[in-house]
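The values are calculated or read from the model by the stated rules, or taken from the named source; none is laboratory data. Just so it is clear, the structure is predicted and the values come from calculations on it, not from any experiment. With ideal geometry, Cβ positions are generated from the backbone for all residues, glycine too; neighbour counts draw on all protein chains shown.
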Amino acid sequence: MANATPREPSARALQGARTRERILEAARRQLAEEGAERFTTRRVAERAGVSHGMCHYHFRDKRDLVLALLVHARRDWIEPLEELVDGPGSPDARMRAVISWMAEPATEEAIRVHTAIRAAALVDAEVRERYAAEYARWRAPFVKLFREIGTDRGLNGFDAKSIGEAFAAAADGLVEQQAIDPKLPTARMLTRLYEQSVGGKRPRARQPSRSR
């Protein structure tokens, strides 16, 4: 039997998706500007230009909206990281590309949103659990990349999981500090940490293939 042709989204579905995205963008701005304490669905609805009922149609309550923002925030940190780690080039080149990206100053809005979500996680067990899962996803690409680096450099017994997760935590902390002190030499510090983590060894030279 032939595969069914996927249906195009209806006009109503497209309108609903646009409304949901508008509410999320308004919620992001609201959270960044006023923090978690003054964050309410009513304020978000007013900012988005929709009724309070429409906001609750898309998001059950304030917690549901915060959890959606947690996923929405992946575009700030997790998704760009995953793209760099899965991109072209040697493992060493990709690591240095990751370091360069992390050294770029984050927007003030992004920093405030992450800070506010963290504050919400401290008082809400469900948000905390989901936030922890997002951090686990953040650490995973570093583990993957360090594993590839260890293989490429012939590092026997190299503990890529522990080193990758520790590097991820250090990188995240430096980015937060850089938001307070823009002069912090984040790129130099992360580069040094990376090189020390792999023992300063160069990748193994690849032997040219012999023609028969």
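Assuming Phe59 fulfils every condition listed in (1) aromatic (Phe, Trp, Tyr); (2) farther than 20 Å from Ala116 by Cα; (3) under 26 Å from the mean Cα position of the chain (by Cα) apart from one, which condition is it?
The number of the failed condition is (2).
Can you tell me which of Arg118, Arg147 is under 21 Å from Leu81 (Cβ atoms) and at pLDDT below 95?
From the options Arg118, Arg147, the qualifying one is Arg118.
Can you tell me which residue in region 4-36 is farthest from Ile117 (Cα to Cα), limited to those that are modelled with pLDDT of 85 or more and among the acidic types (Asp, Glu)?
Among those residues, the one meeting the criterion is Glu21.
For residues that are under 30 Å from Arg153 (Cβ atoms) and surrounded by 14 or more Cβ atoms within 10 Å (Cβ to Cβ), tally how many sit in region 102-117.
2
Can you tell which of Arg18, Arg29 is farther than 24 Å from Arg130 by Cα and in a helix (DSSP H, G or I)?
None of the other options fit; the residue is Arg18.
Does Gly89 meet the test of being part of a helix (DSSP H, G or I), small (Gly, Ala, Ser) and either loosely packed, with under 14 Cβ neighbours inside 10 Å or under 15 Å from the mean Cα position of the chain (by Cα) (or both)?
Against the criterion (part of a helix (DSSP H, G or I), small (Gly, Ala, Ser) and either loosely packed, with under 14 Cβ neighbours inside 10 Å or under 15 Å from the mean Cα position of the chain (by Cα) (or both)), Gly89 does not qualify.
Report, by residue number, each residue of region 159-190 that is touching a residue at least 40 places away in the same chain (Cβ under 8 Å), surrounded by fewer than 19 Cβ atoms within 10 Å (Cβ to Cβ) and farther than 20 Å from Arg118 by Cβ.
Pro182, Ala187
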